[in-house]
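Engineer: Below is a structure I'd like to ask you about.
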Amino acid sequence: MRVAIAGATGAVGQDLRRLLDRRDFPLDELVLLASERSAGKLIRWRDQDITVKNLADDDAFDGVDIALFSAGGGRSKEHGPRAVDAGAIVVDNSSAFRMDPDVPLVVTEVNGDLLAERPPKGIVANPNCTTMAIMLPLKALHDAFGLVSMVATSYQAAGGAGQSGIDELQEQVQPLLDNFELLRTDGQAAAKLVEPSTFAATIAFNVVPQLGTVQENGYTDEELKLLNESRKILGIPDLKVAPTCVRVPVVAGHSVEIRATFTQPVSRQAATDALDGFPGMVVVDLPTPLEFAGRDEVAVGRIREDLHDDHSINFWAVGDNLLKGAALNTVQIAEELVSRGVV
């Protein structure tokens, strides 16, 4: 078994390496691929030094059975088909192929049965990290009560924008701490002490209600991912979704508040019973992104009956955007492909 990681030196690539080791993935050789800038680096893995190779090299995917991509959408579009042509199955963590009707969009606990045979184009897509956090609880509730619509408001970590997002948050904290009184007396002046580049506005000590590129209808591409990916993963093509995506000053871990509406009446106890024990998920009273950073599970809490509609339930979901939201689900897809004999 020969496994390649494309984007091996990035944040998700590092988690992929760690998870392949921690979960004892059955591989014989690990191939590490990255941009030309990172090629030649030595990375220690399972008591061996592996030399990072250039993703663009002609022989990059020779003999590779599974290629795990976390190198950005552009590189996935360029090099993913190359990996497939070389004989590999690609598990892609970008948005490049998610809405392709011939590419399964998979959350293993929700629709892992789509991996029973080789995908038509040799590619399996990993969902957006925010969509991922809500798919497990929504699947459990949909199976029990029949989901028809949801209002979804996300509170997404700075780390969702990659290392640049984490760096921007960290760099802004001290200048604002040094002028802490301004945060109360003149917030506009405080905001001008730093210069946002990764985010639409100052992220430290703030909340930014715009995340992604604004489309013609006023929604961002990140918000429309919540709509389109949820429909595809859950197999509900007419699911109604009202999405809002917000960036918050959290390092890792996305949170989403959901108001879900069903064909059947639902009580708090019935919803809790449906959620409890669902694979990959835990139900706790007050899940926070800080406490679940670095943990594999999606956490669900604040489960409440709607005040006005007995067919609706409100709940809060939290998931580490780099783990279940990215690297963990990627490895779980690879594990499914192996366990089902597809690879």
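Engineer: Filter segment 33-49 for residues that are part of a strand (DSSP E or B) and surrounded by 18 or more Cβ atoms within 10 Å (Cβ to Cβ) and give the result.
Structural biologist: The answer is L33, A34, I43.
Engineer: Further question: Going through G212, G235 one at a time, which residue ends up being touching a residue at least 60 places away in the same chain (Cβ under 8 Å) and under 29 Å from L136 (Cβ atoms)?
Structural biologist: G235 is the lone residue from the list that is touching a residue at least 60 places away in the same chain (Cβ under 8 Å) and under 29 Å from L136 (Cβ atoms).
Engineer: Could I ask something else about it? When you scan segment 242-268, how many residues do you find that are of a type in the set (K, R) and over 25 Å from A144 (Cα atoms)?
Structural biologist: 1
Engineer: In the set P287, P279, which member is in contact with an Asp or Glu (Cβ under 6 Å, 6 or more places away or on another chain), closer than 18 Å to T131 by Cα and in a loop (DSSP other than H, G, I, E, B)?
Structural biologist: Every option except P279 fails the conditions.
Engineer: A326 - would you say it is in a helix (DSSP H, G or I), small (G, A, S), closer than 26 Å to D113 by Cβ and modelled with pLDDT of 95 or more?
Structural biologist: So A326 fails the test.
Engineer: Is there any pair linking a residue in segment 128-147 that is at positive phi to one that is of a type outside the set (S, T, Y) and at pLDDT 95 or above, with Cβ under 6 Å and at least six apart or on different chains, and which?
Structural biologist: G146/F262; G146/Q264
Engineer: What number goes with the only condition from (1) out of contact with any Lys or Arg (no Cβ under 8 Å at 6 or more places or on another chain); (2) free of Cβ contacts under 8 Å to residues at least 60 places away in the same chain; (3) among the β-branched types (V, I, T) that T51 does not pass?
Structural biologist: Failed condition: (1).
Engineer: Consider A204 carefully, then state whether it is in a helix (DSSP H, G or I) and either more than 28 Å from A11 (Cα to Cα) or touching a helix residue (DSSP H, G or I) at 6+ places or on another chain (Cβ under 9 Å) (or both).
Structural biologist: No.
Residue by residue, here is whether (1) crowded, with 16+ Cβ neighbours inside 10 Å; (2) more than 20 Å from F97 (Cβ to Cβ); (3) in contact with a helix residue (DSSP H, G or I) (Cβ under 9 Å, 6 or more places away or on another chain) holds:
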position	(1), (2), (3)
N126	yes, no, yes
T130	yes, no, yes
L147	yes, yes, yes
T153	yes, yes, no
G159	yes, yes, yes
I166	yes, yes, yes
V173	no, yes, no
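Engineer: From the set of residues in segment 94-117 that are among the polar types (S, T, N, Q) and modelled with pLDDT of 95 or more, which is nearest to V3 (Cα to Cα)?
Structural biologist: T108
Engineer: Pick out, from segment 96-182, the helices (runs of 4 or more DSSP H) lying fully within it that include 2 or more residues that are among the basic types (K, R).
Structural biologist: It comes to none.
Engineer: While we're on this one: Where residues in segment 51-93 are crowded, with 19+ Cβ neighbours inside 10 Å, of a type in the set (A, V, I, L, M) and not in a loop (DSSP other than H, G, I, E, B), which of them is farthest from the chain's Cα centre (by Cα)?
Structural biologist: Ranking the qualifying residues of segment 51-93, first place goes to A83.
Engineer: Within segment 94-110, which residues are acidic (D, E) and either under 22 Å from G280 (Cβ atoms) or crowded, with 24+ Cβ neighbours inside 10 Å (or both)?
Structural biologist: Passing the criteria: only E109.
Engineer: May I ask you to say which residue of V266, V256, V283, V250 is within 13 Å of D143 (Cα to Cα) and in contact with a helix residue (DSSP H, G or I) (Cβ under 6 Å, 6 or more places away or on another chain)? Break it down stepwise before answering.
Structural biologist: Numbers: V256 fails: within 13 Å of D143 (Cα to Cα); V283 fails: within 13 Å of D143 (Cα to Cα); V250 fails: within 13 Å of D143 (Cα to Cα).
So the residue among V266, V256, V283, V250 that is within 13 Å of D143 (Cα to Cα) and in contact with a helix residue (DSSP H, G or I) (Cβ under 6 Å, 6 or more places away or on another chain) is V266.
Engineer: Could you pull out the residue among L20, L30, L16 that is in contact (Cβ under 8 Å) with a residue 12 or more places away in the chain and either in contact with a Gly (Cβ under 7 Å, 6 or more places away or on another chain) or assigned to a strand (DSSP E or B) (or both)? Outline the logic, then answer.
Structural biologist: Working: L20 fails: either in contact with a Gly (Cβ under 7 Å, 6 or more places away or on another chain) or assigned to a strand (DSSP E or B) (or both); L16 fails: either in contact with a Gly (Cβ under 7 Å, 6 or more places away or on another chain) or assigned to a strand (DSSP E or B) (or both).
Every option except L30 fails the conditions.
Engineer: All but one of (1) among the polar types (S, T, N, Q); (2) surrounded by 14 or more Cβ atoms within 10 Å (Cβ to Cβ); (3) not assigned by TED's automatic domain parsing to the domain that holds V241 hold for T220; which doesn't?
Structural biologist: Looking at each condition in turn, T220 falls short on (3).
Engineer: Turning to a different aspect of this structure: When only residues in segment 238-288 that are surrounded by fewer than 16 Cβ atoms within 10 Å (Cβ to Cβ) and of a type in the set (G, A, S) count, which is farthest from the chain's Cα centre (by Cα)?
Structural biologist: Result: S267.
Engineer: Scanning for something within 19 Å of W316 (Cβ to Cβ) and assigned to a strand (DSSP E or B), does segment 214-231 turn up at least one residue?
Structural biologist: Within segment 214-231 (the criterion being within 19 Å of W316 (Cβ to Cβ) and assigned to a strand (DSSP E or B)), the answer is no, since none of the residues qualifies.
Engineer: Within segment 290-305, which residues are surrounded by 15 or more Cβ atoms within 10 Å (Cβ to Cβ) and in a loop (DSSP other than H, G, I, E, B)?
Structural biologist: Residues satisfying the conditions are A293, R295, D296, E297.
The values are calculated or read from the model by the stated rules, or taken from the named source; none is laboratory data. Source: prediction; values computed, not measured. Ideal geometry is used to build each Cβ from the backbone, glycine not excepted, and the neighbour counts take in all protein chains shown.
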